[in-house]
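Shown next, in structure tokens, is the structure this report addresses.
The values are calculated or read from the model by the stated rules, or taken from the named source; none is laboratory data. Everything numeric here is computed off the predicted structure, so don't read it as measured data. Every residue, glycine as well, gets a Cβ built from its backbone with ideal geometry; the counts of neighbours run over all protein chains shown. Just the protein is used for accessible areas: all its heavy atoms, side chains included, with ligands, DNA and RNA removed. Shrake-Rupley method; radii C 1.70, N 1.55, O 1.52, S 1.80 Å.
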Amino acid sequence: MNTEIIRIDKNNINVDKIKAAADILRVGRLVAFPTETVYGLGANALDEEAVKKIFAAKGRPSDNPLIVHVSDKEMIEGLVKKIPEKAFELMRQFWPGALTLIMEKADCIPHIITGGLNTVAIRMPSHPIALELIKVSQIPVAAPSANISGRPSPTEAEHVIHDLSGKVDLIIDGGSSNIGLESTVLDLTVDPPMVLRPGGVTLEQLRGLLKDVVVDPALLDITRSEFRPKAPGMKYTHYSPKADVIIVDGNIEAIVSKINELASNRISNGIKVGILATEQTREKYKSCNVLSLGDRRKPETIAANLFKGLRELDLTGVEVIFTEAVDDTGVGLAIMNRMKKAAGFNIIKV
Ligand code: TXA
Ligand code: MG
């Protein structure tokens, strides 16, 4: 398949280009587009054949349901049985944005979208290109992250081109995704509401509105078999670069000296090592492939660079990546969730 790549400026959207992209979606083909969290791989959510193409292009397991994206709140009325009371306030406060809400699905949603579940995940993204594309196409758009299944989610068009070139009809390059981690998935079909995936909207922000929100206990350690994650997607290995990832957790001085020790051991055995550091620590590492993810005092900078950092180190051909744990409050909960999954829960505590 020939993949067309077009560039759209999010601050000065070219309407003709959006119309052309919307036409591709409307005839049942695939368009990768930027969102504020990560790039998405879109298809018409009401067209079963189109949605099948998403699973094929990504190599995604069929029991992993997709998020349906809308461009306004009215659009969700036909997609769910009933909008729960709690959803209205959440939508008012966090939409458009990085919050996905799970509700009971309406009959028009094909089973392939929901992996056979009777619930559906819905999100209204805030990225101007995503919003405009959905609005102009006048259809709800099913979109998982636009990566090959299991790889780090794409935060730049370059990452999408790397993974999906030749497998999708169109890739819209709209610059970097500024959040850099996927949306928070919140299940509203259970009481109390449960976070199934931590993401761009923090637990603290949600609790400001719904005091009783809980977090799926399986997120704390998917290696413990007594906990089965409730979001089907959370049980798969994920975000994995080709290199082995090892997290080092503890106070910052101890982390640095442990990583230096482990790295020099590996290097003396001829193993290529990469380090994901932070602004506060990058100068303290001796190994050559050191990348800073961002500022520890501004965890959102680390969130924005994590997937990109994993991909960049992979391209250098390193075999092991050491990464520093961060505080798991605020967006740190999502950062640590993605890091742990990339590391297959390989964490060294110092
Ligand atoms: O930020 C995002 O959410 C991005 C952008 C493109 O919007 N999308 C994204 O989609 O991350 P995806 O497919 O990579 O992740 C969707 C997650 C999976 O963990 C999936 O299992 C869960 O949402 N999910 C979807 N529908 C669900 C449902 N009905 N019940 C429980 N979990 C669901
Ligand atoms: Mg994904």
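Yes or no, residue by residue, for (1) outside any loop (DSSP other than H, G, I, E, B); (2) more than 15 Å from ligand 2 (Cβ to nearest atom):
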| site | (1), (2) |
| --- | --- |
| 83 | no, yes |
| 96 | no, yes |
| 130 | yes, yes |
| 134 | yes, yes |
| 159 | yes, no |
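Checking 201, 141, 168 one by one, the residue that is modelled with pLDDT of 95 or more and away from ligand 2 (no atom under 16 Å from the Cβ) is 201 and no other.
Would you check which residues across segment 161-184 are part of a helix (DSSP H, G or I) and of a type outside the set (A, V, I, L, M) and list them?
Matches in segment 161-184: 162, 163.
Scanning segment 132-151 for residues that are among the aliphatic types (A, V, I, L, M) and crowded, with 20+ Cβ neighbours inside 10 Å, we see that the one that is nearest to the chain's Cα centre (by Cα) is 146.
Across segment 62-78, the qualifying residues are those that are closer than 15 Å to residue 103 by Cα and surrounded by 21 or more Cβ atoms within 10 Å (Cβ to Cβ), and the one among them that is farthest from ligand 1 (Cβ to nearest atom) is 76. Please work out if residue 100 is touching a Pro at 6+ places or on another chain (Cβ under 8 Å) and closer than 21 Å to residue 44 by Cα. Considered against the rule, which asks whether it is touching a Pro at 6+ places or on another chain (Cβ under 8 Å) and closer than 21 Å to residue 44 by Cα, residue 100 comes out as no. Pairs linking a residue in segment 138-153 that is farther than 19 Å from residue 305 by Cα and assigned to a loop (DSSP other than H, G, I, E, B) to a residue that is open to solvent by 20 Å² or more (accessible area, probe 1.4 Å) and near ligand 2 (Cβ under 8 Å from one of its atoms), with Cβ atoms under 9 Å and 6 or more positions apart or on different chains, are 149/238.
Please work out if residue 91 is without any contact (Cβ under 8 Å) to a residue 60 or more places away in the chain, under 27 Å from residue 18 (Cα atoms), touching a Phe, Trp or Tyr at 6+ places or on another chain (Cβ under 7 Å) and away from ligand 2 (no atom under 15 Å from the Cβ).
On the way: without any contact (Cβ under 8 Å) to a residue 60 or more places away in the chain: yes; under 27 Å from residue 18 (Cα atoms): yes; touching a Phe, Trp or Tyr at 6+ places or on another chain (Cβ under 7 Å): no; away from ligand 2 (no atom under 15 Å from the Cβ): yes.
So residue 91 does not fit the description; no.
The residues on offer are 139, 113, and the sole one that is in contact with a strand residue (DSSP E or B) (Cβ under 6 Å, 6 or more places away or on another chain), under 25 Å from residue 28 (Cβ atoms) and away from ligand 1 (no atom under 11 Å from the Cβ) is 139. When restricted to residues that are free of Cβ contacts under 8 Å to residues at least 60 places away in the same chain and either open to solvent by 40 Å² or more (accessible area, probe 1.4 Å) or β-branched (Val, Ile, Thr) (or both), segment 318-350 contains 3. Scanning segment 200-214 for residues that are surrounded by fewer than 17 Cβ atoms within 10 Å (Cβ to Cβ) and either acidic (Asp, Glu) or within 18 Å of the chain's Cα centre (by Cα) (or both) turns up 204, 212. Within segment 103-128, the set of residues being in a strand (DSSP E or B), away from ligand 2 (no atom under 16 Å from the Cβ) and out of contact with any helix residue (DSSP H, G or I) (no Cβ under 9 Å at 6 or more places or on another chain) comprises 104, 119. Would you confirm whether any residue within segment 168-183 is touching a residue at least 24 places away in the same chain (Cβ under 8 Å), within 13 Å of ligand 1 (Cβ to nearest atom) and open to solvent by 20 Å² or more (accessible area, probe 1.4 Å)? Yes, the conditions are met somewhere in segment 168-183. Here 3, 37 are screened, and the one residue that is in contact with a His (Cβ under 9 Å, 6 or more places away or on another chain) and among the β-branched types (Val, Ile, Thr) is 37. Look at segment 37-59 and say how many of its residues are closer than 22 Å to residue 100 by Cβ and either open to solvent by less than 10 Å² (accessible area, probe 1.4 Å) or aliphatic (A, V, I, L, M) (or both). So the count comes out to 14. Is it the case that residue 247 is modelled with pLDDT under 95, of a type in the set (A, V, I, L, M, F, W, C), in contact with a helix residue (DSSP H, G or I) (Cβ under 7 Å, 6 or more places away or on another chain) and on the phi < 0 side of the Ramachandran plot? Taking the combined requirement at face value, the residue does not satisfy it.
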